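Please read the structure below before turning to the comments.
Please treat every number below as a calculation from the coordinates, not as lab data. Given the structure is predicted, the values throughout are model-derived calculations rather than measurements. Neighbour counts run over all protein chains shown; Cβ positions are idealised from the backbone, glycine included.
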Amino acid sequence: MREGGDAAGDVCDTDGELYLMNHNNRTAEATDLRKIGINRDFWYPIASSRDLRAGKVIGTNFAGDPIALARTATGAIFALEDRCAHRQMPLHMGVISGEQLQCCYHGWCYEKTGRLARIPYLAEGGKIPPEARGVRSYPCREAYGLIFVFPGAPELADEIPLPELPEWSSPDYRAMYFSRTVDCHYTFMHENLMDMNHQFLHRRLMGGIQPVMLDYRYGGNWVEADYRFQGGKQHLGADFLVMGGGNGASGVERDYELMTIRTEYPHQHLKVWRAHSDVVAIRLFAAYVPIDADQRRNRSFGILMVRKPKVPGLLLAAWPVIRYFAESVFTEDRIAVEAEQRAWDAQRRDLNREISPVLLELRKVLAACGEPSNADAERAPTGALSAVRSLRDAGAAR
Ligand code: FES
Ligand SMILES: [Fe+2]
């Protein structure tokens, strides 16, 4: 069943450009998906928890904004603009001092809020001059073994929930982590995972397995497709992946397996159920976080949650094979999406001729929920978008 079809507008392809009619059909505007910036008003993973040990600070980036991530000796985490207010020294080169972050150069100390708390060489009783402002802080949370920041308007951070991953905290599942820098716009990643028609790319690993789309649904900020698989044998790792999701029957009845892939802006979720079972056998959470200002490079985070089979230790024994399989699939996907990005760079525009209805809906969601990338930002913002930007800028100034 399809949902939201009337509200989602129409796409027409004219003269090499994708034209997206907006949701109310008021105007038609040319939309190049690779120029759509990711919407900052969401929570994004920006590091793995294990990357940030107690008493350490690391540097990272969100869409060209450098961010210093710090963890104090008590385990508290915080995220600051990675720029000392004094001489722009990257704060990630600094040190943790108690509950503060101290710049490595002249030792200015910042609180978790970004407020400048101390200048060590000020004379006894001397006040911090008003022009020595603090720096921006980002709302920051730790969940699922990842550190999330909220790069948008800080006022919205409490309203926007983190993704829900109940399998992560369930003792019935074991989690595998992925984190890779991929040289492509984040939208290529969404298209790649949603699109099971590209199994040809994985023919070495997937053998004769053919996906069949059963159904798809969509709304204003989400798209979801159901697939089943038919055909011959594939890599052993694929069978190991789902072995805990059965109802006790032996073997994997691939033909009756169900896979659902969902983009719930801005992240993606994949679930697989084995035949005759309502237990989720595999759950994948994927987030694609732009690194550079032009958003042509992303850091992809994945958590693969695999249902444990009844035999203790079996999953642990199969773990290296599962990882090999998952890494091999990802390597092939990466070759494809990075090649797509290079083609876009060379041709300077999106010449996409998508025919899959679910991919067309996905492209509409990504266009509608995103914002002009930094490269285009000076030209575009209007209405609600500029209001969000004003809020964000106000937050940055504080
Ligand atoms: S540059 Fe950071 S304290 Fe001087
Ligand atoms: Fe793939």
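Once amide H atoms are built 1.01 Å from N in the peptide plane, which residues 5 or more positions from A47, or in another chain, come under 5 Å H to H?
Excluding prolines and chain starts, which carry no amide H, the hits are I147.
Would you mind counting up the charge near Q100? Only other residues with Cβ under 13 Å from its Cβ, with Lys and Arg at +1 and Asp and Glu at -1.
+2
Given H placed on each backbone N at 1.01 Å, which residues far from E142 in sequence or on other chains put an amide H within less than 5 Å of it?
Sorted by chain and number, the residues that satisfy this are F148.
For K364, give me every one of the lysines with a C-alpha distance below 21 angstrom, ignoring sequence neighbours fewer than eight places off in its own chain.
K35
Once you place label points 7 Å from the Cα toward the Cβ at C104 and R353, how far apart are they in nm?
Here the modelled spin labels are 5.2 nm apart.
Per residue of segment 49-56, in order, report the coupling 6.51 cos²θ - 1.76 cosθ + 1.60 (Karplus, θ = phi - 60°) as ³J(HN,Hα) in whole Hz, putting x for Gly and Pro.
Per-residue couplings from phi come out as 3, 5, 6, 10, 7, 4, x, 10 Hz.
Would you please state which residues of segment 37-58 a label at T74 would reach in this model, taking the label point 7 Å out along Cα→Cβ and a backbone N cut-off of under 17 Å?
Within reach of a label on T74: 54-56.
Could you calculate the contour length gain from K56 to Q210, that is, 0.36 nm times the residue separation minus the distance between their Cα atoms, to one decimal place in nm?
Extending this stretch completely gives an extra 50.7 nm.
K308: which lysines have alpha carbons under 22 Å from its alpha carbon, excluding same-chain residues fewer than 8 sequence positions away?
Partners found: K271.
Quick one: grab the alpha carbon gyration tensor of segment 166-371, order the square roots of its eigenvalues as a ≥ b ≥ c, and give me rounded if a/c is under 1.5, else prolate or oblate depending on whether a/b is larger than b/c.
Taking the square roots of the gyration eigenvalues as a ≥ b ≥ c, segment 166-371 is prolate.
Using a/c under 1.5 as the rounded threshold, could you call segment 44-156 rounded, prolate or oblate? The axes a ≥ b ≥ c are square roots of the C-alpha gyration tensor eigenvalues, and prolate needs a/b larger than b/c, oblate otherwise.
prolate
How much length, in nm to one decimal, is gained on full extension between Y324 and A143, taken as 0.36 nm per residue of separation minus their Cα-Cα distance?
62.6 nm
Using amide H atoms built 1.01 Å from N in the peptide plane, name the residues 5+ places from V289, or on other chains, whose amide H lies under 5 Å from its own.
So V289 has HN proximity to R299, S300, F301.
Work out the length of the dipole vector of segment 44-156 about its Cα centre, built from +1 on the beta-carbon of each Lys and Arg and -1 on the beta-carbon of each Asp and Glu, and round it to the nearest 20 debye.
My answer is approximately 140 debye.
Sort 320-332, 281-293 by the packing proxy (mean of other Cβ within 10 Å over each peptide's residues), most packed first. Display every interim value, and only then the final one.
Values: 320-332: 15.8, 281-293: 21.7.
My ranking of the peptides, most packed first, is 281-293, 320-332.
For segment 35-110, what does the alpha-carbon gyration tensor say about shape, rounded, prolate or oblate, given a ≥ b ≥ c as the root eigenvalues, a/c under 1.5 as rounded, and a/b over b/c as prolate? Present the calculation step by step, with values, prior to reporting the outcome.
Values: a/c = 2.57, a/b = 1.38, b/c = 1.87.
Because a/c hits 1.5 or more and a/b fails to exceed b/c, segment 35-110 counts as oblate.
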